[in-house]
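Reading through the structure tokens given below for one structure.
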Amino acid sequence: MYCAAVSRIVTAMLTSGNRRDRGIVVGEPRAAERFAWSQVHERARRIAGALVGGGVPARATVAILAGEPAVIAPAVQAVWLAGGTVAMLHLPTSRTGLRTWSETTLEALRLVSADVVLIDRPFASFAAKLADVGIPFMMIADLTGKPLADVVPSGDDEPALLQLTSGSTAEPKAVVLTHANIHANVIAMLAATRTDVEREVFLSWLPLFHDMGMMGFLLLPMAFGADLVSVTPRDFLFHPLIWAELISKHRATVTAGPDFSYGLLGRELAAVPDGTYDLSSLRIALNGSDPIDPRSVDSFVTAGRRFGLAERVVLPAYGLAEATVAVSFSSPGTGLRLDAGLALLGPPLPGVEVRVSGEDGRECGDREVGELWIRGPSVSRRYLTVDGPVPTHRDQGWLPTGDLGYLADGEIVIRGRITDVITIGGRRVYPTDVERAAASVPGVRAGNVVALRLDEGARRERFAVAFESTLAGDAAEERRLCDEVAAAVVHAVSASPAAVIAVPPGALPKTSSGKLRRAAAKSRFVARLR
């Protein structure tokens with residue numbers, strides 16, 4: 001059953017696969033069901049047996065098209081048991097039409113050279129598309145029968161996961177993550193959060209095709225045998241208070257979400273009667289993926305205080321897919337701390353090195369803004385692109401992140417993406433500053449504002465602001481809102497937007513993980529931005 005060439009992360013899963021006292025709860029709130037990790041592992045063995053028996057070779061790239069955690073958990077484990085590499089496919093959203101999603105999914109499959117696609121029942125209709133283009137597929141529900149007897153060897157240095165990037169600012173590509181990358185990052189996260197897997201209860205609604213959901217809230221608890229409660233993004237977005245309900249019901253200790261979700265939950269909690277929930281069990285509410293707005297955190301903490309939420313429960317973090325997921329975490333129990341109004345994102349995780357590089361290549365000093373470079377055992381060595389594999393790193397293993405920021409007494413602070421920063425007369429204007437100012441105007445939907453750089457490369461660039469509002473379409477209200485947004489932006493950054501436009505809810509393009517797509521927004525509204 002065991003093999004010397006089995007990677008450390010798979011070995012950990014084999015060990016946790018014996019546990020009957022820990023597992024995953026799915027199906028909340030309508031039909032909650034618990035599966036012990038031993039049951040997940042048994043199902044994974046059967047799927048792996050069907051893969052190998054069906055002719056899927058070792059080292060195959062196996063794409064997974066599924067949304068339910070109860071399906072994804074054994075499927076991912078099965079691919080690794082069969083010696084394959086996982087590629088999680090993004091799911092359609094309300095902001096992406098099915099035709100567009102279908103086209104981008106086929107592009108992704110070609111990008112990763114998928115050998116086979118595993119499909120869950122809700123996406124069965126996509127099988128016809130795969131058949132048309134000659135990509136083999138299997139229905140996950142049909143993968144039953146004799147369990148795999150012996151794990152197919154796969155070493156630490158072999159690819160484990162092809163993480164498709166969200167494409168928020170550029171053409172999609174896949175980050176190649178090895179078994180060693182994943183193991184190193186998971187171990188570092190456990191250490192940085194002082195996690196005791198015997199006591200923790202993880203809770204997540206994050207998508208499992210996204211790095212934060214997959215690494216932190218599936219692979220970590222599944223590999224090390226911690227309890228996990230997992231629902232879907234749809235569950236949260238349709239009923240945000242499910243997050244609080246499940247913290248209270250399951251005594252969850254660790255959860256996570258992007259910044260907008262804490263603001264949304266805070267607003268919902270503010271309208272709930274005292275005593276409805278008990279949030280006192282929560283130890284860590286990791287805030288990552290998006291720029292952190294102190295107003296979102298304050299809304300969540302203030303509203304949660306009535307339900308026993310710890311004052312300093314929010315844990316600001318920084319990460320990226322190229323680092324597997326996590327680069328830095330704030331220390332648990334310190335809460336949100338600011339440096340010049342910006343979130344301190346903690347020191348680098350154990351084993352991760354960070355330097356700040358100036359435009360001339362020199363290393364920047366304390367609080368001097370430059371590009372963050374990272375290196376370490378959890379950092380990927382290559383991308384898959386439409387032009388083939390390319391290295392992620394430069395000399396001596398350093399990976400340029402594309403993020404502008406600085407170190408403040410050893411802690412990371414992020415200013416924005418290099419490609420998004422607007423230069424006006426030699427002065428940098430950061431999109432996050434513009435977006436926060438615009439979002440402060442009543443009538444503008446928080447988390448649905450985008451600052452768009454115009455005239456890239458000119459000495460005096462321009463920028464535009466697009467925002468969602470339920471008042472879009474009412475000419476008088478639009479005019480008033482646009483004027484107020486422009487005034488708020490000028491006050492915040494001392495620069496006037498060249499254009500301000502209001503659009504209805506759902507009009508701003510987002511990735512399937514919820515990030516605003518700046519390039520797509522600019523293309524969509526270019527006629528109104530000039």
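The values are calculated or read from the model by the stated rules, or taken from the named source; none is laboratory data. As the structure is a computational prediction, the values presented were derived from the model and not from experiment. As a convention, Cβ positions derive from the backbone with ideal geometry for all residues, glycine included, and neighbour counts pool all protein chains shown.
State the number of residues belonging to segment 359-390 that are surrounded by 11 or more Cβ atoms within 10 Å (Cβ to Cβ) and within 21 Å of residue 178 (Cβ to Cβ).
Our first condition is that a residue be surrounded by 11 or more Cβ atoms within 10 Å (Cβ to Cβ); within segment 359-390, this holds for 362-365, 367-385, 389.
Checking the rest, the ones that are also within 21 Å of residue 178 (Cβ to Cβ) come to 373-385, 389.
Of the residues in that region, 14 qualify.
Within segment 17-76, which residues are β-branched (Val, Ile, Thr), within 24 Å of residue 111 (Cβ to Cβ) and not in a helix (DSSP H, G or I)?
56, 61, 62, 64
In the set 419, 432, which member is crowded, with 17+ Cβ neighbours inside 10 Å, of a type in the set (Val, Ile, Thr) and either under 26 Å from the mean Cα position of the chain (by Cα) or not assigned by TED's automatic domain parsing to the domain that holds residue 508 (or both)? Break it down stepwise before answering.
Numbers: 419 fails: crowded, with 17+ Cβ neighbours inside 10 Å.
Of 419, 432, the one residue that is crowded, with 17+ Cβ neighbours inside 10 Å, of a type in the set (Val, Ile, Thr) and either under 26 Å from the mean Cα position of the chain (by Cα) or not assigned by TED's automatic domain parsing to the domain that holds residue 508 (or both) is 432.
Has segment 76-84 got at least one residue that is in contact (Cβ under 8 Å) with a residue 60 or more places away in the chain, closer than 27 Å to residue 250 by Cβ and in contact with a Ser or Thr (Cβ under 8 Å, 6 or more places away or on another chain)?
Checked segment 76-84: no residue is in contact (Cβ under 8 Å) with a residue 60 or more places away in the chain, closer than 27 Å to residue 250 by Cβ and in contact with a Ser or Thr (Cβ under 8 Å, 6 or more places away or on another chain).
Filter segment 225-264 down to the residues that are closer than 25 Å to residue 294 by Cα, hydrophobic (A, V, I, L, M, F, W, C) and at pLDDT 95 or above and list them by number.
Narrowing segment 225-264 to residues closer than 25 Å to residue 294 by Cα: 233, 236-248, 252-264.
After this cut, where a residue has to be hydrophobic (A, V, I, L, M, F, W, C) as well, the list is 236-238, 241-244, 246-247, 252, 254, 256, 260, 264.
Scanning segment 225-264 gives 241, 242, 243, 244, 246, 247, 252, 254, 256.
Which of the residues that make up segment 443-498 are without any contact (Cβ under 8 Å) to a residue 12 or more places away in the chain and within 32 Å of the chain's Cα centre (by Cα)?
Listed by number, the residues that qualify are 455, 456, 457, 490.
Taking the stated definitions as given, is residue 193 in contact with a Leu (Cβ under 8 Å, 6 or more places away or on another chain), polar (S, T, N, Q) and in the same structural domain as residue 74 (by TED's automatic domain parsing)? Before the answer, list the steps.
On the way: in contact with a Leu (Cβ under 8 Å, 6 or more places away or on another chain): yes; polar (S, T, N, Q): yes; in the same structural domain as residue 74 (by TED's automatic domain parsing): yes.
Against the criterion (in contact with a Leu (Cβ under 8 Å, 6 or more places away or on another chain), polar (S, T, N, Q) and in the same structural domain as residue 74 (by TED's automatic domain parsing)), residue 193 qualifies.
Pick from segment 78-103 the residues that are β-branched (Val, Ile, Thr) and at pLDDT below 90: which of them is surrounded by the fewest Cβ atoms within 10 Å (Cβ to Cβ)?
Just the residues of segment 78-103 that are β-branched (Val, Ile, Thr), to begin with: 79, 85-86, 93, 96, 100.
Right, trim to at pLDDT below 90 and you get 93, 96, 100.
On the way: 93: 18, 96: 17, 100: 12.
Among those residues, the one meeting the criterion is 100.
Just to be sure I understand, how many residues within segment 364-388 are at pLDDT 90 or above, part of a strand (DSSP E or B) and more than 23 Å from the chain's Cα centre (by Cα)?
1
Scan (1) touching a residue at least 60 places away in the same chain (Cβ under 8 Å); (2) more than 16 Å from residue 191 (Cβ to Cβ) for the single condition residue 354 breaks and write down its number.
Tallying (1) touching a residue at least 60 places away in the same chain (Cβ under 8 Å); (2) more than 16 Å from residue 191 (Cβ to Cβ), residue 354 fails exactly one: (1).
Spot the failing condition for residue 272; the list is (1) surrounded by fewer than 24 Cβ atoms within 10 Å (Cβ to Cβ); (2) more than 22 Å from the chain's Cα centre (by Cα); (3) in a helix (DSSP H, G or I), and only one is missed.
Only one criterion is unmet by residue 272, namely (3).
Pick out, from segment 412-518, the strands (runs of 3 or more DSSP E) lying fully within it that include 3 or more residues that are not aliphatic (A, V, I, L, M). Lay out the reasoning, then the answer.
Details: elements: 422-424, 427-429, 449-454, 462-468, 499-503.
Fully inside segment 412-518 and qualifying: 462-468.
Within segment 124-165, how many residues turn out to be in a loop (DSSP other than H, G, I, E, B) and farther than 16 Å from residue 110 by Cα?
17
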